[in-house]
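Here the structure is laid out as structure tokens; the discussion comes afterwards.
The values are calculated or read from the model by the stated rules, or taken from the named source; none is laboratory data. Because the structure is a prediction, the values reported are computed rather than measured. When we count neighbours, we look across all protein chains shown, and the Cβ atoms used for this are built from the backbone with ideal geometry, even at glycine.
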Amino acid sequence: MRNGRTLFVAGDCATCHASPDRHDETLLGGGRSLNTAFGTFRMPNISPDPKDGIGSWTLEQFIIAMREGVLADKGNAYPAFPYTSYQHMTTADLRDLFAYLKSLPPVEGRQPDHDLKFPFSIRRGIGLWRLAFLSGAPLPVEVGKSERWIRGRYLVEGPGHCVECHSPRTFAGVIPDDKRFAGGPNAEETGYVPNITPDETGIDYWSIEDIARYLKAGVTPIGIRAGGDMKEVIKNTSRLTDSDRLAIATYLKTLPAVHALGPGQQQPNHGEKVLLLPPSANSAATSKVGALAGRPAELAKANALYVVSTKPFYLDKPANGTTAQPDGKLLAAAELVVLARNGNWLQVRLRGWQQAGSESAFYARRGQRIMQAVLSSKALSDMVHDRTIRDPETGQDWTQGSLTMWISSDGLSADLQRLWHYSDELMSHTCAVCHARPDSKDFLANQWIGTLGAMRHFTSLDDDQYRLLLTWLQYHAKDVSTEAGSTGR
């Protein structure tokens, strides 16, 4: 039964056949409609109901339906039911899948038949289609391939039926051999399914681990979340074993590469000149890190808050309804002690270090340029200084001090670890796209400024993402000791 459940999940059966109004993947009463260029396909009831589902089917009838596309009650099945892929499943696996389906709750109710355009509405014509395009051949034996690759090929080409969605089709609904997995319009013709071959227009830059991680979490190496029907697929692939996800990824990376641009996709640069993203590509009207801000109830209880995105501060609380000139700005992850609350305004204190000769930069650490604020001349005059220390290695003077200020309560978080977790994920989705992910402790805090800065133009990070990622790298550099749950100040 466990294997049958795995095949049910790998085959994404519930996405098409679960009753849309039940919100239960085990209730396979059908009812979903698929509007295509051929007409409207309606997903049938495949629950074990003896009258309206497949409860009266024998194992032999089930295997014939899955491998040959012939239904016990209706005859020829349209290839919207992906038996062209299911034909590759083993008899043992089909038996286990059938046993699992028979164990699920029966659902009453027969779904209406498909509503297709002529001549596709003639089911007998599908018999000719099957004769022409359904090979019935098992997957060829591959000598010298690893068990992981063989398992991946089976899942992709068989129960997973990935090729059915990720390939273009001819007028006759056939996938051209030289375009397999190369992407194409989705069945509803409302979007585009991407190229998943290892070409530069597909997943060439994805590592095997990237693909496996995507199948588990639904996030691409550049931080884009799965959408559309793929969200439903991820709900299923996330429940496969790590081994099966790696197997799928291993096989996909060995597919023949097909150069096929999707709509709006830029032709890859084959010239010698390195093309950089324009500065505007790294800016956004709304920061992508804004969702990290805490809820008002969370912020109201906290004595220490952390800046999520760059925000202005004021030495005096601005009067309601007025626009005041800021006295400086706070940067990502700056740690603030709350002194007072007044409506939407907070009086806070920021502690840090200033380097002689560049006092307008307010750093979190002495000798380590972890920027937390930029100060105006007025703010400099309000600074309260504690002590001055000369760095024995550089001979530079560093002065410790604090500044009291007013800020609005937006763009703050009481959970530093949430900011750090986001930054960690951002690192994986940015730097690890092109090369092996570096460890934060590979560099000193000050070295990370130039290292990350040199690569910024090759990313699509906005200003706040870049600032937060840099701060996270600096706080976790090899020369910075940070206690858990603290920035270490």
Going through the range 189-238 in order, the residues found to be of a type in the set (Ser, Thr, Tyr) and either outside the structural domain of PHE41 (by TED's automatic domain parsing) or closer than 24 Å to SER423 by Cα (or both) are TYR205, SER207, TYR214, THR220, SER238
Give the range 89-98 a look and list any residue that's among the β-branched types (Val, Ile, Thr) and either outside the structural domain of ALA172 (by TED's automatic domain parsing) or part of a helix (DSSP H, G or I) (or both), or say none.
THR91
Is it the case that ALA324 is touching a Ser or Thr at 6+ places or on another chain (Cβ under 8 Å), without any contact (Cβ under 8 Å) to a residue 60 or more places away in the chain and hydrophobic (A, V, I, L, M, F, W, C)?
no
When residues of the range 106-161 are limited to those that are out of contact with any His (no Cβ under 8 Å at 6 or more places or on another chain) and among the aromatic types (Phe, Trp, Tyr), the one farthest from GLY55 (Cα to Cα):
TRP149
Would you be able to say whether some residue in the range 384-393 is at pLDDT 95 or above and closer than 28 Å to LYS301 by Cα?
yes
Among all residue pairs at least 6 apart or on different chains, which show Cβ distances below 8 Å where the first residue, located in the range 471-489, is more than 12 Å from PHE443 (Cβ to Cβ) and part of a loop (DSSP other than H, G, I, E, B) and the second is among the aliphatic types (A, V, I, L, M) and modelled with pLDDT under 90?
GLY488/VAL480
Sort through LEU116, LEU101, LEU71 and tell me the only one that's in the same structural domain as HIS23 (by TED's automatic domain parsing) and either of a type in the set (Asp, Glu) or under 32 Å from the mean Cα position of the chain (by Cα) (or both).
LEU101
3 or more residues closer than 27 Å to ASP415 by Cβ and not assigned by TED's automatic domain parsing to the domain that holds GLN474: qualifying strands (runs of 3 or more DSSP E) within the range 313-355:
none
Tally, over the range 32-68, of residues that are surrounded by 19 or more Cβ atoms within 10 Å (Cβ to Cβ), assigned to a loop (DSSP other than H, G, I, E, B) and within 31 Å of the chain's Cα centre (by Cα):
1
With respect to LYS317, is the statement that it is basic (Lys, Arg), more than 39 Å from the chain's Cα centre (by Cα) and surrounded by 11 or more Cβ atoms within 10 Å (Cβ to Cβ) true?
yes
Restricting attention to the range 136-144, does a residue exist that is in the same structural domain as ASN236 (by TED's automatic domain parsing) and over 30 Å from THR170 (Cβ atoms)?
yes
State whether the residues of the range 4-27 include one that is surrounded by fewer than 20 Cβ atoms within 10 Å (Cβ to Cβ), under 23 Å from ALA137 (Cβ atoms) and in contact (Cβ under 8 Å) with a residue 60 or more places away in the chain.
no
Quick one: in the range 192-222, of everything that is touching a residue at least 24 places away in the same chain (Cβ under 8 Å) and surrounded by fewer than 17 Cβ atoms within 10 Å (Cβ to Cβ), which residue is nearest to ASP424 (Cα to Cα)?
ILE222
Suppose we filter THR430, THR388, THR451, THR394 for residues that are in a helix (DSSP H, G or I) and surrounded by fewer than 17 Cβ atoms within 10 Å (Cβ to Cβ); which single one remains?
THR451
Selected residue (only one of GLY53, GLY39 is in contact with a strand residue (DSSP E or B) (Cβ under 6 Å, 6 or more places away or on another chain) and either closer than 20 Å to TYR83 by Cβ or free of Cβ contacts under 8 Å to residues at least 40 places away in the same chain (or both)):
GLY39
Residue count, the range 108-167, condition in contact with a strand residue (DSSP E or B) (Cβ under 9 Å, 6 or more places away or on another chain), within 28 Å of VAL233 (Cα to Cα) and surrounded by fewer than 16 Cβ atoms within 10 Å (Cβ to Cβ), comes to 3
